[in-house]
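For reference, the structure is listed below as structure tokens.
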């Protein structure tokens, strides 16, 4: 018999992944051009050419030693130093190599951070709707996820609600901006309000409440929208970043944790995070891709392609009568389910070979998520199918 924890996870396998697998079956049956899969945040755009050249350059560097070997669990010192320098240049921070731990993507980084921080029974607050795996990650370390709803209407995080949810057992608050699944970017005022609330709570209790900032979409913000660097507003922040989305490298699993010297117990956190990387079985972030990303730290994502998809999908659906949240970042469209039943909406969409994820999977019932990181042609072909769906739903 497998463990009780894994039995529960197996019974409640990710709806997103299930949709993705169903999409492959539908594509085999109807042809991939006739299936409109908006389920998984798997970037369709290829990585920049510079990434390929960087990988080839690392492999061709005859002076480089140990390209495929072990290094310190926190990652290559020279890679961490390069990342720190890039962050300092961009955000006016003062990171050094010692403030970084290279991670196996943002998900690996989140697990390292939670493994580092949590004792059994500790609480972690998440703002709903939130990435579906947060609950699983927290429960991996015998913690408890406390869900706080975002503000109605604009889906900004509600600082007062977060403060009201803080207890003596609260260890951290997960902040995800740009947000998956809504595409909302939390404003500077929202971040300041959260920081003020958590600072007051921490001072009152004498123990820090950390922010874990989940940032795989940091560079994906449109039209000059600014994504605040949270540790500048709140010192007790652990940043979890990934190049999965910005450089279209989700399968390479490469990211980092960043913890400033001003963060409470920063030295202990960083030391424990490096050990947690080993204890969790990652040992270290993949060596080749560590060395490669260090060569392309100034590379920008394909914002124009994502922005074009955003306008095409948002504009097309709203013209058909669908209600959508206009996304300022990431590559997801948060669509209100006609009639309010998001699961029924997703099932109805399947009849037209449209795959979308019910909002219930993100603790956001009444909505559905569409990932528009697909080929532009997929959106163009999908809009007539959405029109037929709208007609059935009498929009």
Checklist entry - Of (1) assigned to a loop (DSSP other than H, G, I, E, B); (2) surrounded by fewer than 16 Cβ atoms within 10 Å (Cβ to Cβ); (3) in contact with a strand residue (DSSP E or B) (Cβ under 6 Å, 6 or more places away or on another chain), residue 119 satisfies all except one. Which? => result (3)
Checklist entry - Of all residues in segment 100-113, which are buried (at least 24 other Cβ atoms within 10 Å of the Cβ) and either in contact with a strand residue (DSSP E or B) (Cβ under 7 Å, 6 or more places away or on another chain) or part of a loop (DSSP other than H, G, I, E, B) (or both)? => result 100, 101, 102, 103, 105, 106, 109, 110, 112, 113
Checklist outcome for this item: Residues of segment 351-395 being in a loop (DSSP other than H, G, I, E, B) and within 27 Å of the chain's Cα centre (by Cα), in sequence order, are 353, 356, 363, 364, 365, 366, 372, 373, 374, 375
Next on the checklist: Looking at the structure I just gave you, is residue 347 surrounded by fewer than 18 Cβ atoms within 10 Å (Cβ to Cβ), outside the structural domain of residue 109 (by TED's automatic domain parsing), part of a helix (DSSP H, G or I) and within 22 Å of the chain's Cα centre (by Cα)?
Outcome noted: no
Next on the checklist: Please determine whether any residue of segment 182-190 is under 23 Å from residue 144 (Cα atoms) and not in a loop (DSSP other than H, G, I, E, B).
Outcome noted: no
Next on the checklist: Being surrounded by fewer than 16 Cβ atoms within 10 Å (Cβ to Cβ) and closer than 30 Å to residue 60 by Cβ is the filter here; which residues of segment 279-296 pass it?
Outcome noted: 283, 288
Checklist entry - Within the bounds of segment 204-224, is there any residue that is surrounded by fewer than 23 Cβ atoms within 10 Å (Cβ to Cβ), in contact with a strand residue (DSSP E or B) (Cβ under 7 Å, 6 or more places away or on another chain) and farther than 23 Å from residue 256 by Cβ? => result yes
Checklist entry - Given (1) closer than 19 Å to residue 254 by Cβ; (2) crowded, with 23+ Cβ neighbours inside 10 Å; (3) more than 19 Å from the chain's Cα centre (by Cα), where does residue 86 come up short, assuming only one miss? => result (2)
Checklist entry - Looking only at segment 131-152, which residues are in contact (Cβ under 8 Å) with a residue 60 or more places away in the chain and touching a helix residue (DSSP H, G or I) at 6+ places or on another chain (Cβ under 6 Å)? => result 132
Checklist entry - For segment 300-319, what are the residues that are buried (at least 16 other Cβ atoms within 10 Å of the Cβ) and assigned to a loop (DSSP other than H, G, I, E, B)? => result 301, 302
Checklist entry - So which residues in segment 192-222 are assigned to a strand (DSSP E or B) and either at pLDDT below 95 or within 18 Å of residue 156 (Cα to Cα) (or both), if there are any at all? => result 211, 212, 213, 214, 215, 221
Item to check | Residues located in segment 228-237, provided they are surrounded by 20 or more Cβ atoms within 10 Å (Cβ to Cβ) and outside any loop (DSSP other than H, G, I, E, B) | outcome: 230, 231, 237
Checklist entry - Can you name the condition, by its number, that residue 225 falls short on among (1) under 21 Å from residue 304 (Cα atoms); (2) outside any loop (DSSP other than H, G, I, E, B)? => result (2)
Checklist entry - Among the residues of segment 64-83, is any surrounded by 14 or more Cβ atoms within 10 Å (Cβ to Cβ), under 30 Å from residue 381 (Cα atoms) and either over 21 Å from the mean Cα position of the chain (by Cα) or not assigned by TED's automatic domain parsing to the domain that holds residue 9 (or both)? => result no
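Just one of 168, 172 is surrounded by 23 or more Cβ atoms within 10 Å (Cβ to Cβ) and on the phi < 0 side of the Ramachandran plot; which is it?
Sole residue among the options that is surrounded by 23 or more Cβ atoms within 10 Å (Cβ to Cβ) and on the phi < 0 side of the Ramachandran plot: 172.
The values are calculated or read from the model by the stated rules, or taken from the named source; none is laboratory data. In this text, all values refer to a predicted model and were calculated from it rather than measured experimentally. Note: ideal-geometry Cβ built from the backbone for every residue, glycine included; neighbour counts use all protein chains shown.
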